[in-house]
Every structure is written in structure tokens, then in C-alpha cells.
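The values are calculated or read from the model by the stated rules, or taken from the named source; none is laboratory data. Since we're looking at a predicted model, the values are computed, not measured. Note that each Cβ is placed from the backbone with ideal geometry, even for glycine, and that neighbours are counted across all protein chains shown. Keep in mind that these areas ignore ligands, DNA and RNA; they rest on the heavy atoms of the full protein, side chains included. Shrake-Rupley method; radii C 1.70, N 1.55, O 1.52, S 1.80 Å.
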Amino acid sequence: MTPLVLATAGVVALVAAGLILRTFGPRYRVARLLATTPRVSVAEANELARSGRRAYVRVDGRIDADDDFEGPEHQPLVLRRVRFESRSGGRWRVFEDQRQVVPFRVDEGLDSIAVDIDVLDQGLVVVQRESVGVAADVADRVPDGTAPDVPVRVRIDQVSSVEHAIVLGFPVPVSSAGADAADGAAHDVQPTAKLTAGRSRPLVLTVLEPDEAMRVLAADGRGRTRLAGGLIAVAAVLVAGAALWAIAGALAPALIPIAPWLDGLVGVALAASPEPSAATGGDPRSNGQGPGLVGTPGLAILGVATIAILAVVATTVYVRLTTPGRDDPAPSTEERDDPSRSGRGGG
């Protein structure tokens with residue numbers, strides 16, 4: 001085994017770990033953003049918005065709103081989303097989506113920045129309330145023709161106005177009219193900026209600590225995360241071993257006089273035998289067909305092309321199999337103007 005073989009095995013293990021993590025879909029991207037996005041203060045985020053610089057940043061602060069609403073347990077909420085889902089073909093599909101939300105902001109000291117509630121969707125990370133049953137339990141809600149024994153679940157996401165939050169997004173300025181609409185006259189200092197999505201990066205909001213948010217994002221795939229972590233560790237060991245082996249092999253010739261035991265790391269190439277060999281026809285470097293190119297270049301080119309085609313086919317199949325289904329369609333009409341609809345939440 002050579003350092004190149006070790007390094008290749010390490011790269012293969014790393015690629016396999018990446019493919020496993022990609023099966024988490026948007027949740028993997030949210031987790032990666034939570035782990036890597038630089039943190040700034042709310043004042044610095046506001047300054048970024050005023051300067052016109054486009055930077056994806058993280059801010060921490062307390063959620064606040066002037067028009068929060070009362071939840072089922074009499075807690076002050078700024079967002080509540082209830083989704084009814086049925087299981088079909090191994091996937092959960094939404095058949096009813098209720099969303100009640102009011103404008104809110106994140107405060108840090110005397111500084112405030114608004115949250116763009118219109119784009120907050122897959123980036124919301126909270127501890128979900130979930131109830132599982134069958135279609136017969138909610139016969140008045142399921143679509144017509146649904147079998148009574150079809151598995152059905154209700155998932156509830158909600159955010160309180162008294163919680164501490166981590167928000168990731170692009171700070172952008174808002175107009176005075178927009179700030180007034182978002183916060184009302186009751187708030188002394190109106191936010192002049194808001195955090196929003198952009199450049200294919202989602203707006204992320206969580207009321208959990210980053211480590212706990214990671215566990216929530218990977219709640220239904222702990223086996224996959226352990227496997228990916230193991231592969232990453234193996235890849236690191238293999239690549240590091242290959243590098244050390246290559247360095248030792250390069251330095252060994254100079255160190256053999258003082259460390260003879262390093263002789264085993266130096267490759268030895270035997271010279272040609274002094275005895276004449278039996279005469280053979282053609283160029284001994286070729287396949288016996290006479291003088292010409294070394295080896296068989298046609299077969300080599302065909303082999304490379306075959307490997308490339310197989311790689312393209314395998315990648316295409318993987319992408320199609322792991323592309324997330326449209327289990328979570330766009331939220332239905334917001335209920336901010338009709339709070340009475342939240343009574344259908346089932347939670």
C-alpha cells in the first residue's frame with residue numbers, strides 16, 4: 001500500500017460522508033449556516049444595512065412585538081404554524097397548512113432589527129409539537145377519498161415573544177412606512193433594517209442554542225449523522241497517514257545514515273539482470289505486436305471514458321433519489337387578519 005492509495009481511500013470516505021449529509025436536504029444547509037455564519041451585534045447589522053453591503057450574518061437578541069397574540073396555553077406568541085400531514089408512499093405530505101404570524105423584531109439593548117416574516121419558512125428551527133394518529137381521527141379535515149387507516153400527523157411550530165432568538169440573514173434597509181407597519185407607534189425606536197433571505201440562503205430563526213438546534217435538525221437521522229461522522233474521522237486519519245508516510249519517504253534517504261531502521265521506507269528498484277533474456281518478438285514494452293506505443297492506449301482511453309460515464313450516471317441517480325419531495329408547500333394565506341382561524345390548529 002502506498003501513500004497515494006491511503007489518500008485516495010480518505011477522499012472516497014470524505015465524499016461518502018458528504019453524500020450522506022446531503023440526504024438531509026434543506027436541513028443540512030440550515031445546520032451548516034448555523035455553524036459557520038459570523039455573529040455581529042444588532043447595531044452592526046443595522047450599519048451593514050445602511051451602508052448597502054450584502055453580508056449574511058447572525059444576530060442574537062430577545063424577540064419583541066407590539067401585537068403578539070395569545071396561544072392555546074395563554075402564552076404570548078408572534079408565530080404559530082399548524083400542519084396536517086398524511087403519509088403516502090413513504091413520505092409525509094401536507095394537506096392543510098395554517099399560519100398565524102405578526103410582525104416582530106429582535107432587540108439587543110437599545111438596538112432593534114426587524115425580521116422579514118414573509119420569507120421565514122424552512123429556516124425556522126424550534127422544538128415541534130407533534131401528534132400522530134390516523135385519518136379517522138380527523139375525518140372532517142382530511143381530503144375526500146382518504147382511507148380511514150391512513151397515518152396522519154399534526155405538527156405545530158410556534159415562537160413566543162418572550163424568547164431569546166438567533167437569526168441569520170441579510171440586513172437590508174426598510175422604509176419608514178414599513179417600519180411603522182411592522183412595529184407600530186408603541187415602540188419608541190423604530191427598526192430601520194430587517195433581516196431577510198437572499199442569494200439562495202434562507203432566513204433562519206431558532207430559539208434554541210446551536211447545539212440543540214443541530215440535534216433537532218437531525219432528530220430523524222441520528223444513524224446517518226453517526227455514520228457520516230465516522231467516515232469523516234476515517235478520512236482524516238487516512239489523509240494524515242498518507243501525508244506523514246509521503247514526508248517520511250522523502251526524508252528517509254537523508255536520515256538512513258543516522259537511523260538505519262528507516263531503510264524500509266525507501267523504495268528499491270532492481271537493475272536489469274546481467275544474464276541475457278530469451279529473445280521475444282516485437283517491443284517488450286508493448287503487447288507483442290511489434291514496435292509502437294507503450295501499452296494499449298485505446299483500452300486506456302476507453303477505460304477512462306467508461307469511468308466518466310459511470311460517474312455521471314451514478315451522480316444523476318443519486319441526485320434524483322435524494323431530491324426532497326414537495327412535502328412542505330408554500331404556506332397558505334396568513335391568518336394575521338383573521339386570528340379566529342387559529343382555532344383550527346388542533347394543538
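Could you check the range 164-208 and list, in sequence order, the residues that are over 17 Å from the mean Cα position of the chain (by Cα), open to solvent by 60 Å² or more (accessible area, probe 1.4 Å) and at pLDDT below 90?
Those that are over 17 Å from the mean Cα position of the chain (by Cα), open to solvent by 60 Å² or more (accessible area, probe 1.4 Å) and at pLDDT below 90: S175, S176, A177, D180, A181, A185, A186, D188, V189, T192.
Given the conditions (1) touching a Gly at 6+ places or on another chain (Cβ under 8 Å); (2) exposed (fewer than 13 other Cβ atoms within 10 Å of the Cβ); (3) of a type in the set (G, A, S), report the number of the one that S131 does not fulfil.
Looking at each condition in turn, S131 falls short on (2).
Suppose we filter V101, V94, V154, V142 for residues that are more than 25 Å from L195 (Cα to Cα), open to solvent by less than 40 Å² (accessible area, probe 1.4 Å) and modelled with pLDDT of 90 or more; which single one remains?
Working: V101 fails: more than 25 Å from L195 (Cα to Cα); V94 fails: modelled with pLDDT of 90 or more; V142 fails: modelled with pLDDT of 90 or more.
Answer to the check: V154.
Where residues in the range 1-41 are surrounded by 14 or more Cβ atoms within 10 Å (Cβ to Cβ) and over 25 Å from the mean Cα position of the chain (by Cα), which of them is modelled with the lowest pLDDT?
Top of the filtered list is P3.
Please work out if I258 is at pLDDT below 70, β-branched (V, I, T) and either surrounded by fewer than 15 Cβ atoms within 10 Å (Cβ to Cβ) or not in a loop (DSSP other than H, G, I, E, B) (or both).
Taking the combined requirement at face value, the residue satisfies it.
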